[in-house]
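The values are calculated or read from the model by the stated rules, or taken from the named source; none is laboratory data. It should be emphasised that the depicted structure is a prediction, and the values quoted were computed from it without experimental measurement. Reconstructed Cβ throughout: ideal geometry from the backbone, glycine too, with neighbour counts over all protein chains shown.
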Amino acid sequence: MPLEDELSDIIKKARTGQQRSVADVARAAGLPEADLAGLERGQSARNREQVQAVARALGLRAEQLAQVAEGWTPEALPASTPHVETILGSIGGYEVKGYIVHDRGEAVIVDTAYNAGAMLEMLAARKLRLRAICLTHGHSDHADGIDAILKVHPVPVYLGPDDLDLLSWRPSQESLHVPKEDGTLQVGGLTLRFMPTPGHTPGGVCYRLEQAREPMCFVGDTLFAGSIGRSNPAGLYQTHLASVRRHVLALSPDTRLFPGHGPATTVREELLHNPFAT
């Protein structure tokens, strides 16, 4: 599966996150302004050295950005993951992923994938009892459809309170729960732990599935394979980097990371290849 972000996306996210102009970054990289503007529009880099110069100007890892530009992708994970069903949705042709975590007949939805119908069909087909909906953030491609799901399964909805205003439809106050740091939710014999990771949005949260053999983390748009989500607003960029570096990439190296877009990856892969890692 191709990466969610290309070179152009990464450069623009880093530049706008730092609230710097094209001219400023081009000057710092020793490039003509037109060259940097072209890279942000998706033009191919002239050579590896050009990519590395831009990386250094933006405070990114130069070798890793060059690897992404040259086509690196994470090692493919097994198609089937125990206890996890991936649900695909589309918003304007843009693929989004949500997940059903299940064990012993119980389930939790992590993001709706903008496809409540498919979520409900999977729950019914597997005869799963839904215990909660856990939202990584409030953007519509991850949260829309909770009203349809709650009509069938009136369960708690976990969402960082700073993201409430992002919802297009808000559940009742009684239904809303705050995923506090290190709080947990039981799903059968599994433990889902809350890990607030603001940056992509003010109230972003990741959800860790604690298993000795196959630890997992559902990261929404906090991190993509080889990149990160766009910081919204841009002033959250440094907070976003801290969430990625101090929390997500501090997990055990074998932890599988399941993002809202693009391929799944692991902490080990991202430590080796993500330009935003340290």
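When the residues of segment 123-151 are filtered to those that are outside any loop (DSSP other than H, G, I, E, B) and touching a residue at least 40 places away in the same chain (Cβ under 8 Å), the one that is surrounded by the fewest Cβ atoms within 10 Å (Cβ to Cβ) is Ser140.
Of all the criteria given as (1) touching a residue at least 40 places away in the same chain (Cβ under 8 Å); (2) part of a loop (DSSP other than H, G, I, E, B); (3) more than 15 Å from the chain's Cα centre (by Cα), the one not satisfied by Ala277 is (3). A search for C-beta distances below 6 Å between a residue of segment 38-58 that is over 19 Å from Arg27 (Cβ atoms) and any residue that is assigned to a helix (DSSP H, G or I), counting only pairs 6+ apart in sequence or on different chains, returns Gly42/Ser8; Arg48/Ala66.
In the set (1) modelled with pLDDT under 95; (2) over 26 Å from Thr191 (Cβ atoms), Glu70 fails one condition alone, (1).
Filtered by the rule that a residue be over 15 Å from Val84 (Cα atoms) and either more than 17 Å from the chain's Cα centre (by Cα) or in contact (Cβ under 8 Å) with a residue 40 or more places away in the chain (or both), segment 99-119 gives Asn115, Ala116, Gly117. Just one of the numbered conditions (1) out of contact with any Phe, Trp or Tyr (no Cβ under 7 Å at 6 or more places or on another chain); (2) surrounded by fewer than 22 Cβ atoms within 10 Å (Cβ to Cβ); (3) not acidic (Asp, Glu) is not true of Gln18: (1).
Restricting the search to segment 219-257, which residues are in contact with a Gly (Cβ under 9 Å, 6 or more places away or on another chain) and part of a strand (DSSP E or B)? Listed by number, the residues that qualify are Val219, Gly220, Phe224, Ser227.
Scanning segment 179-189 for residues that are touching a residue at least 60 places away in the same chain (Cβ under 8 Å) and either crowded, with 19+ Cβ neighbours inside 10 Å or in contact with a helix residue (DSSP H, G or I) (Cβ under 7 Å, 6 or more places away or on another chain) (or both) yields a count of 2. Taken residue by residue, segment 167-178 has no member that is under 17 Å from the mean Cα position of the chain (by Cα), without any contact (Cβ under 8 Å) to a residue 60 or more places away in the chain and assigned by TED's automatic domain parsing to the domain that holds Pro263.
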